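Contents: one structure, followed by commentary.
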Amino acid sequence: MVNEGKSLSEALLSAKAEGRLTVGVYECAKIMNEDPDSVSFCLLATDDFECDIALQIHFTLIQAFCFDNDISIVRVNDLKRLNALVGGKGQLEDAHCVLITNPTEDSWEDPALEKLHLFCEESRSCNEWVPEITLPER
């Protein structure tokens, strides 16, 4: 799990630097609706104690959409740590859903993202449809 967590952190930081990150449930839903082929990876995040029924409904719909469109999807349970990775300095993001879009055609594939796709594929083969990844401590 440590390697997947490290790969996820690397992929998020790389996507953020390249402007390929979408943060927020509604923002992500908009991108998925308008251009699902541009989405490479989806991340859903909650804190263990969170029981927001509306958020759970959104998650269920997003998961179904990802399954239908062959988008790799994972969960993390440390919203605070994820916010630290994807948010701007000093700002708190609605990081319950984060999308990484595909790199442009003239750029290199992200090796960390490739590792995550392989991890998701292996998890699905073991009937773990939305695997959970633990982000590493900073």
What is the residue count in segment 16-25 for residues that are part of a helix (DSSP H, G or I) and either in contact with a Phe, Trp or Tyr (Cβ under 8 Å, 6 or more places away or on another chain) or without any contact (Cβ under 8 Å) to a residue 60 or more places away in the chain (or both)?
1
Taking only pairs six or more apart or across chains, which ones have beta-carbon atoms under 7 Å, a first residue in segment 114-137 that is more than 14 Å from residue 75 (Cβ to Cβ), and a second residue that is open to solvent by 70 Å² or more (accessible area, probe 1.4 Å)?
136/2; 136/6
Wholly enclosed strands (runs of 3 or more DSSP E) of segment 31-136 bearing at least 2 residues crowded, with 16+ Cβ neighbours inside 10 Å and at pLDDT below 85:
none
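The values are calculated or read from the model by the stated rules, or taken from the named source; none is laboratory data. Note that the coordinates shown come from a computational prediction; the quantities given were computed from them, not determined experimentally. Methodologically, a virtual Cβ is constructed for each residue, glycine included, from the backbone with ideal geometry; neighbour enumeration extends over all protein chains shown. In case anyone asks, the SASA skips ligands and DNA or RNA and just uses the protein heavy atoms, side chains included. Shrake-Rupley method; radii C 1.70, N 1.55, O 1.52, S 1.80 Å.
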